[in-house]
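First comes the structure, then the notes that go with it.
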Amino acid sequence: MDLLLSLYAVGAFVSAATLPKLKMRVELSRAKQRSLLGHVRLARRVAALIPHYEYDEIHFFRSDDAPEEIAERRRDGFMRLAAIYRERYAATLQMTAEVEPAISDLQFTSAYRVPFQYSRFVRRHLAAGAFAASSEGVTLTDLDGNCYYDLTGSYGVNVFGNDFYKECIERGSARVRDLGPVLGAYHPVVAYNVGRLREISGLPEVSFHMSGTEAVMQAVRLARYHTGRSHVVRFCGAYHGWWGDVQPGIGNPVPARETYTLKDCDPRALRVLATRRDIACVLVNPLQALHPNAGAPGDSSLVHSGRRAAFDREAYTAWLRDLRAVCTARGIALIFDEVFMGFRLALGGAQQYFSVHADMVTYGKTLGGGLPVGVVCGRRDLMKRFRDDRPADICFARGTFNAHPYVMGAMHEFLRRLETPEVQALYTELDNVWDRRASDLNERLAAEHLPLHFANLSTVWTTCYTQASRYNWMLQYYLRAEGLALSWVGTGRLIFSLNYTEADFVAVADRILAAARAMQRDGWWWQDGALSDKAIGRRVLREMIAHRFGRASGR
Ligand SMILES: Cc1ncc(COP(=O)(O)O)c(C=O)c1O
């Protein structure tokens, strides 16, 4: 009897100690997005199992079992396009081919422009040039003299048009020339830059870094130092640079053990923040408002038409307010990562646009006035790198090129220009202008029964496809042929600069329509009514399994 009582007592003690832990563990699991993207470790394991295989020439055109006549139309269209590319882009493509074997980044981007099953065949016939000779207004010109409307946005850097940044670099360089590339001592322009950044961010301290990735690293490191907690929370799908802790899934060869990837815009994530004691900070990338819980929409993952995007300003504002409240209550640092969206939505960035204030904000890209930069603005207590009462307990951060005079000069010019009436005018009615442009184009596409539409967060656009297809990624090649420059992610992200006039935009819209018509005409959007995204997904899975276990035939 005594023994039984003791066992009960031990059992009760153990449960009291483990049950809360178990409960928190369950809450953490429930706060994850129910997809591989939400389960980053599993995603890495699954990724390691996916075999490489590719379609032969017959299956390339019929991977959806389209009739022979459609496959012929596709082949004709494809080869016509290939001939145009060969002739029109000859010099650009030749130089690309010459350097590609020596530039690993280029090998990566050219391999991942389309789903891997089609990639080699596409590269053989429709390689995309990696060189440009000049830029002007909203256009780029390649080595063959072809002029394109620039929808690449230079990865988000280009908010005001390329000429704007050329001037920032030129004037900024002139301003700092006497000091030249001296490092360690600041050029006086830094004083102005710091003052403006404090005003813009509403935060009292600033640190300079060399890239957005580094700014994020520093913000997270400081949050860990000051809270004494280990974990960073990021939301499913959000990009914060390529540092390991913020890229815990596919792409990082080691697991990020001190990162929680939670479901965006979900009360269960708030519950985790409200209960766990190991969370130092939460990272928010406001770009996710366009596609919460989805990764960057590259065309290499466009295996069917499942890409979804839609921006709901009210809902996202409410979510940020909830996040703000729980972070305040729990002493968690709320970090807005505005490296991409800063200065694009509003002069005061996402903080101003959503009327929610962060504890730290990271900036980069456009803020460098065309040169590379990363910046952290933060609360004084979070930015401090040492403790008055523990002199050896410091939070280290340096960087040879931090506050480089030429970068500071270009940034100075950028920040000065933000104060001019011409730049301020660009923000008036910004959303109305871009929402109307998107809806006008969407109406034109719908009127012609073309199976695509655009979702936008101001000037950042995503192409969504409205009927199941395996070939949506082909559209990027038709768009290029119409004179539209896209980044390597293809139709997933079109980035407009704010200096696009109405006439420029109409020209782009006309070209998008022309490309979509050609795509339709060439049979890529053939549908027999039975083709669905689910059916495509199941089929691709079957193919992978067959190739994994060596039972594949012909495709
Ligand atoms: C939100 C966000 N954070 C961080 C980064 C990383 O910046 P960088 O490429 O300058 O290192 C990026 C880059 O795209 C970004 O979009």
Quick one: which of 280-289, 317-326 comes out on top by average Cβ neighbours within 10 Å, and what's the full order, highest first? 280-289, 317-326
Rg and Dmax of the chain, Cα atoms, in Å? 25.6, 93
Within straight cross-link reach of LYS32, meaning Cα distance under 22 Å, which lysines are found once same-chain residues fewer than 8 apart are removed? LYS21, LYS23, LYS263
From the helices alone, meaning DSSP H stretches of at least four residues, give me the mean residue ellipticity at 222 nm for the chain, per-run term -39500 (n - 2.57), in deg cm²/dmol to the nearest 500. -14500 deg cm²/dmol
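Per residue, what accessible area does the chain have, given a 1.4 Å probe and all protein chains present, in Å²? Kindly include the intermediate steps, with their values, before the conclusion.
Values: 25210 Å² over 555 residues.
I get 45 Å² per residue for the chain.
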Amide H partners (placed H, <5 Å) of VAL157, local residues excluded: none
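Using a 1.4 Å probe over the heavy atoms of the protein chains, calculate the carbon and sulfur portion of the accessible area of segment 437-555 as a whole percent. List each step's numbers first, then the result.
Working: 2370 of 4390 Å².
Here carbon and sulfur together make up 54 percent of the probe-accessible area.
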Got a number for carbon plus sulfur as a percent of segment 281-343's accessible area, 1.4 Å probe? 53
If I model a spin label as a point 7 Å beyond the Cα along the Cα-Cβ vector, how far apart are those points for ARG444 and ALA132 in nm? 2.2
LYS384 versus ARG548, label points 7 Å from Cα toward the beta carbon: distance in nm? 5.3
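The values are calculated or read from the model by the stated rules, or taken from the named source; none is laboratory data. Here the structure is a predicted model, which is why all the values come from computation and not from measurement. Quick reminder, even Gly has a Cβ in these numbers, built from the backbone with ideal geometry, and neighbours come from all protein chains shown. All accessible areas refer to the heavy atoms of the entire protein, side chains included, with ligands and DNA or RNA removed. Shrake-Rupley method; radii C 1.70, N 1.55, O 1.52, S 1.80 Å.
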